[in-house]
Structures are given as C-alpha cells and as structure tokens.
Amino acid sequence: MPTLFELSDIHFAYPGRPPALAGASLTVTAGERLALTGANGAGKSTLLQIMVGLLTPSAGHVVAFDQPRRREADFHEVRRRAGLVFQDPDDQLFCPTVAEDVAFGPLNLGMDRAAAEHRVRETLDQLGLSTFRDRITHQLSGGEKRLVSLAAVLAMKPDVLLLDEPSNGLDEPTTEHLVTILDNLPQTLILVSHDPHFRTRLATRTLTLTHGQLTPTPNRPRRGSHEQRGAAPLNPAGEAGGLPRPHHESKP
C-alpha cells in the first residue's frame, strides 16, 4: 500500500515548556487505521497539527502524499486531502446553521453552490444527520457538535481523516453511533483517543507517545462492530434510534 505520511525525527516545543515531541517518527500507509495514545499533554494533538501544517516543527521532516512539506504553501494540498477533526468542535464550527458549516469546506475548495448543497445532503444522510440540516449550530449539544464537525470534514472528501479525541464526552449510545460511522468509512484513519474500548473497535495499529517519541503498542484483537452499512439516523433531539440524547461535553 502507498505511504501517505512519513514523519522523521520530529521535534517541537511550546515556548517556556518542555519539548512535546523529541524525535517522533511514524509512517502511515493507505487504508490503515492508526491510533495514537499517551498521557494528557504528551503531544498527540501537536503531532496531528504538524501533519497538516498547522504547527511547524523545530526539526525533522514531514513527507505527505509523496512530497516533502516544509513551507505553508506546501501544506495547501495536504489540507485538501487530509481532514482534521479538532478535539473541541467549537474550534471548527462557526456558521449559523449546520448546513452552512458542512457546505463551508466544499465551497472553499471551489465547488459551486448547487454542487455544495448536494454534497451537504449526501454527507448528512451518510452520517444519519439529515434532520440536522437547518438546526442552529451553537444550540447543539457537545455530542451533536462532534458529529457535525465530522460531517464538515467528510464533505470535503479527504483521503485521510485525523480525529482528535472524537469520543471525548460522548455517552455510550452516541459513541456507538460514531463507531458505526467511522467503521464504514473508506478513508485512512488516524485517531487520538484515551478510550481503550474505542481504539479496540477501530484501530488496526496503535502507537504510544511517551517522552516525545512514538513506540508500537500491541493491539487487542479487534472487536467486530455493527454489520449494517451506514449509521442509524439521529432525530432532531439528538437521539440515535430512540436512545438518550448525548450530554454536553465539558470544555477541555
């Protein structure tokens, strides 16, 4: 399988703080589902942001989609092909309605309005969120916002999906709904998660970030998830198949 990302000897430190990354290296191949784990503050979110050019390492090399990436301009293509779902959905959702948030990416990529509206319908249907189209984004629960932020990224049809703590703050029914969605996606997945059950459901490989470096972690046998293709719809109250509404997550 082709290599999509290759990071070599990556170093990064925030001002006045110990190094977050100190020689981290990894390779991501097409079709795999890679989980990154480690303690709070270990540098996992930092690593995802370096992969898409939102942060610049102080040393090391980033190769993405067969090209070395050094300058901001080098990452424009990367961000078209690799979609990052942030840990806090409020960092990603800023339009008045769900439909506008989901349409923002396709429109920004040059899609015309009619095609973007079709993409919105297609993506919301795919995630079981068709009833969310005209809802006010800032009135959604934390769990609902997480699903909408995923829809906003998927609407751009990325080759790679990077997910930063996607199940954080979700109740069990909503987590199951999210697992169903992710397990049926064709994209390569790179996910950061503290939840071992969530990782076991999805990941084919796990790396642990410790002292700024990545080491392989043995995977538990992967549990089978839902057999159906596609996700059960959420109703306007945020319920999946009549299950309880997800609670609001706390801000990190």
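Taking the mean number of other Cβ atoms within 10 Å as a proxy for protection, how do you rank 56-68, 186-198 from highest to lowest?
By packing density, highest mean first, the sequence is 186-198, 56-68.
Could you work out the Kirkwood radius for the stretch 121-222, taking every pair of different alpha carbons, averaging 1/r and inverting it, reported in Å?
It is 14.8 Å.
Which angle from 0 to 90°, rounded to the nearest 10, does the C-alpha axis of helix 172-183 make with the longest principal axis of the chain?
70
Starting from one equal scatterer on each C-alpha and no solvent at all, send me the Debye-based log10 I(q)/I(0) for the stretch 1-120 at q = 0.09, 0.10, 0.11, 0.13 Å⁻¹, two decimals.
-0.31, -0.38, -0.46, -0.63
Could you work out how far helix 98-108 tilts from the main Cα principal axis of the chain, as a 0 to 90 degree angle to the nearest 10?
50
Please state, as a whole number in µm²/s, the translational diffusion coefficient that the Stokes-Einstein equation yields for the chain at 4 °C and 1.567 mPa s, with Rh defined as the Kirkwood radius across alpha carbon pairs.
Here the translational diffusion coefficient equals 70 µm²/s.
Quick one: which residues, 5+ away or cross-chain, put their amide H under 5 Å from the amide H of residue 97? H built at 1.01 Å from N.
Placed amide hydrogens put 137 under 5 Å from residue 97.
Step through the residues of the stretch 74-86 one at a time and calculate ³J(HN,Hα) from phi using the Karplus curve (6.51 cos²θ - 1.76 cosθ + 1.60, θ = phi - 60°), rounding each to whole Hz and writing x for Gly and Pro.
3J(HN,Hα) across the stretch 74-86, in whole Hz: 5, 8, 4, 5, 4, 6, 6, 9, 10, x, 9, 9, 5.
Coordinate-derived values only; no laboratory data. None of these values were measured; they are calculated from a predicted model. All Cβ positions, glycine included, derive from the backbone under ideal geometry; neighbour counts span all protein chains shown.
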